[in-house]
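The values are calculated or read from the model by the stated rules, or taken from the named source; none is laboratory data. Given the structure is predicted, the values throughout are model-derived calculations rather than measurements. So basically every Cβ, Gly included, is an ideal-geometry build from the backbone, and we count neighbours across all protein chains shown. Just the protein is used for accessible areas: all its heavy atoms, side chains included, with ligands, DNA and RNA removed. Shrake-Rupley method; radii C 1.70, N 1.55, O 1.52, S 1.80 Å.
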Amino acid sequence: MTKQSIRQRDFQEISNVLSTFTSLTQIKAILFTLNGILVANHFIYLNPESVKEALAGQDLKAPIVLPVCLEKRVWGIIILEAVDIPSKRIMISKNYLESALNEISSEHFTGQFSILESLTPSQITQLNMLSIIYPSLTPLGSPSSNEHSQTQLPKVKSPSSPTNYSINIATDYIHNHLQSPLSLNEVARQVYLSPAYLSRLFKKHLHVNFIEYVNSQKIALAQEKLAMSQLTVREISSNLGYSQTSYFTKLFKRRTGQTPSEFRRQHHAVQKIYTIPRQSDSDNSKTVLDASQAYFQNNHIDYFTDSAHGVPYMHSIDDLDDTDGHKGWAYSVDGQFPLKSADQVTMTDKSVVQWVYTTYNQND
């Protein structure tokens with residue numbers, strides 16, 4: 001009997017392998033091939049829409065992505081749910097799956113499977129960036145030898161424009177490294193853009209200079225530490241990547257109108273701070289109130305707005321409100337507390353918003 005290339009009905013055997021693997025190890029495993037077939041939850045999905053829906057419903061909290069090759073060509077990926085699973089067990093799982101797939105291959109069709117080492121989060125991010133920057137990228141090499149499958153890859157909607165995607169990768173990196181010195185060159189290297197181009201993107205889409213954006217995020221974090229920790233000004237300065245406390249103090253006063261010590265004395269009664277960094281896909285015409293409400297909704301934080309004399313204000317966030325008349329929520333933008341209400345200030349050239357729960361009319 002002449003063995004053939006892999007066919008759709010052979011995926012039932014692959015589904016059995018994944019199901020057996022999950023039963024034995026309690027590790028969830030799904031397979032997605034480059035011709036658009038998904039094997040998950042004992043089912044085989046062929047229709048692009050059903051594949052998309054099934055992938056969206058997997059809810060994998062700690063996915064491990066293993067590239068799968070068939071006859072030395074990348075054929076698909078296996079995704080494992082790897083919560084609290086040591087790397088050695090991942091390696092054993094990889095070897096088991098490779099062996100099991102090759103048993104199917106030897107009996108039903110021509111081809112040798114190999115499963116590569118798992119992709120790192122950074123590598124996955126780079127692949128995502130490539131697919132967004134070049135959405136019509138032609139696959140390298142010849143088409144698959146599988147003549148029986150007519151399934152096409154599902155079209156995945158980009159979360160944002162390539163420009164917004166690049167800036168958001170950059171701003172995410174900034175937010176995750178606020179306690180380190182941050183340069184334009186370093187961040188540009190992380191998003192695979194030239195420093196000059198990244199600088200232009202910040203000015204064009206966020207309407208702020210790169211260094212101004214970085215310093216705004218650092219000062220916002222400093223305000224949190226000054227109000228809600230016992231760290232010294234020197235310690236906070238050092239933790240934010242500033243080598244000289246005097247420079248940090250000068251920068252802080254320029255942004256807020258107060259020295260760090262003055263800010264701490266005035267805000268000693270602060271109980272909670274929510275910091276909302278600006279993202280590139282924020283609508284420039286949005287008000288601070290609009291952007292804040294969107295942030296709370298996206299992060300599943302309960303909030304309630306009310307109005308006084310026709311002016312809306314933030315009545316409560318999470319479990320803190322102003323019902324006793326002595327405490328409530330105030331907001332700041334880039335280190336300053338505006339006199340206007342939050343529905344009258346737009347996000348056009350802003351970098352960070354903070355909502356501060358504190359005592360009214362402090363006079364210490």
Worksheet, complete the sentence: For the stretch 300-305, Karplus-derived ³J(HN,Hα) couplings (6.51, -1.76, 1.60; θ = phi - 60°; whole Hz; x for glycine and proline) come out as 6, 9, 5, 8, 8, 9
Worksheet item: With θ set to phi - 60° and the Karplus curve 6.51 cos²θ - 1.76 cosθ + 1.60, what are the ³J(HN,Hα) couplings of the stretch 211-224 in order, to the nearest whole Hz, using x for Gly and Pro?
Response: 5, 5, 5, 4, 5, 4, 5, 5, 5, 4, 5, 4, 4, 4
Item to complete: Leaving ligands, DNA and RNA out of it, work out the accessible area of ASP59 with a 1.4 Å probe and give it in Å² to the nearest 10.
Response: 110
Item to complete: Quote to one decimal, in nm, the extra length available between GLN293 and THR125 on full extension: 0.36 nm per residue of separation minus the C-alpha distance between them.
Response: 57.7 nm
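With a 1.4 Å probe and all protein chains kept in place, how do VAL51, VAL233 rank by accessible area, largest first? Provide the component values of the computation, followed by the final result.
Values: VAL51 0, VAL233 30 Å².
Output order, biggest surface exposure first: VAL233, VAL51.
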Worksheet item: What percentage of the solvent-accessible surface of the stretch 1-116, computed with a 1.4 Å probe over protein heavy atoms, is contributed by carbon and sulfur atoms?
Response: 55
Discussion item. For GLU262, what accessible surface area do you get with a 1.4 Å probe? Give it in Å², rounded to 10.
Written reply: 70
Worksheet item: Taking the Cα centre of each part, how many Å lie between the stretch 320-344 and the stretch 88-108?
Response: 59
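Could you order THR259, THR171 so the one with the most accessible surface comes first? Probe is 1.4 Å. It would help to have the intermediate numbers written out before the result.
Numbers: THR259 35, THR171 0 Å².
So, going from the largest accessible area down, we get THR259, THR171.
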Worksheet item: How high is the relative contact order of the stretch 1-103, in percent, with contacts defined as C-alpha pairs under 8 Å that are six or more residues apart?
Response: 24
Worksheet item: Counting only protein heavy atoms and using a 1.4 Å probe, what share of the accessible area of the stretch 266-348 belongs to carbon plus sulfur, as a whole percent?
Response: 46
Worksheet item: How do 25-36, 175-186, 295-306, 193-204 rank on mean C-beta neighbours within 10 Å, highest first?
Response: 25-36, 193-204, 175-186, 295-306
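Leaving ligands and nucleic acids out of the surface, order ARG264, ARG234, ARG278 by accessible area at 1.4 Å, largest first.
The ranking, largest first, comes out as ARG234, ARG264, ARG278.
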Worksheet item: How much of LYS253 can a 1.4 Å solvent probe reach, expressed as accessible area in Å² and rounded to 10?
Response: 110
Fill in: Solvent exposure of the stretch 281-355 as accessible area per residue, Å², 1.4 Å probe
54
Response to the item:
Over the stretch 1-88, with neighbouring protein chains present, the accessible area per residue in Å² at probe 1.4 Å is 55
Response to the item:
Residues other than HIS207 with Cβ under 9 Å of its Cβ, Lys/Arg counted +1 and Asp/Glu -1, net out at +2
Response to the item:
Any lysines whose Cα falls less than 30 Å from that of LYS28, other than same-chain ones fewer than 8 residues away, would be LYS52, LYS61, LYS72, LYS88, LYS94, LYS155, LYS157
